[in-house]
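See structure below.
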Amino acid sequence: QVQLVESGGGLVQPGGSLRLTCTASGSVDTIYIMAWYRQAPGKQRELVARLTSGGTTYYTDSVKGRFTISRDNANNTVNLQLNSLKPEDTAVYYCSAVLSTVGGATASNYWGKGTLVTVSS
């Protein structure tokens, strides 16, 4: 089995910064895609950033120039650096990964349980 665990959320003032980390553990073989989504209360989940194993990145327009997605050297973790935070960034941030498992023949999508980011003065 595979687990994704997010960390780094918390309360920050507008204009501040946070760094979120997602770690994949368990029977992980190869990670192909890692991404961050967010969901505010009463709103739909949205994709905010995505990083492929080949280094291709995607950012939703509202976070371009402020957020940065990156991987560690082992490629089993993904980070999201959140700078110049705005109140509208307040949401639960979820990590998602497309990966294969040890002994498996198919890559599947996995989700973490989320970490809360609150931007407020």
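The values are calculated or read from the model by the stated rules, or taken from the named source; none is laboratory data. Predicted model only: the values in this text are computed from it and were never measured. Reconstructed Cβ throughout: ideal geometry from the backbone, glycine too, with neighbour counts over all protein chains shown. The protein model used for the area step is the full one, side chains on, heavy atoms only, and it has no ligands, DNA or RNA in it. Shrake-Rupley method; radii C 1.70, N 1.55, O 1.52, S 1.80 Å.
Here the translational diffusion coefficient of the chain follows from Stokes-Einstein with Rh set to the Kirkwood radius across Cα pairs; for 25 °C and 0.890 mPa s it amounts to 169 µm²/s.
Given a 1.4 Å probe, how much area per residue of the chain is accessible, in Å²?
Numbers: 6390 Å² over 121 residues.
On a per-residue basis, the chain sits at 53 Å².
When the Cα positions of Cys95, Ser17, Ile69 are compared along the charge dipole of the chain, Ser17 comes out farthest toward the positive end, with charges on each C-beta of Lys, Arg, Asp and Glu.
Treating only the Cβ atoms of Lys and Arg (+1) and Asp and Glu (-1) as charged, compute the dipole magnitude of the chain about its Cα centre; round to the nearest 20 debye.
Working: 10 positive and 7 negative charges, 37 e Å.
Computed charge dipole of the chain: roughly 180 debye.
Report the residue, chosen from Pro41, Pro87, Pro14, that carries the largest GNM mean-square fluctuation when the chain is represented by alpha-carbon nodes joined by springs under 10 Å. Between Pro41, Pro87, Pro14, it is Pro41 that shows the largest mean-square fluctuation.
Leaving out ligands, DNA and RNA, and with a 1.4 Å probe, what % of the accessible surface on the chain is carbon or sulfur? C and S atoms contribute 46 percent here.
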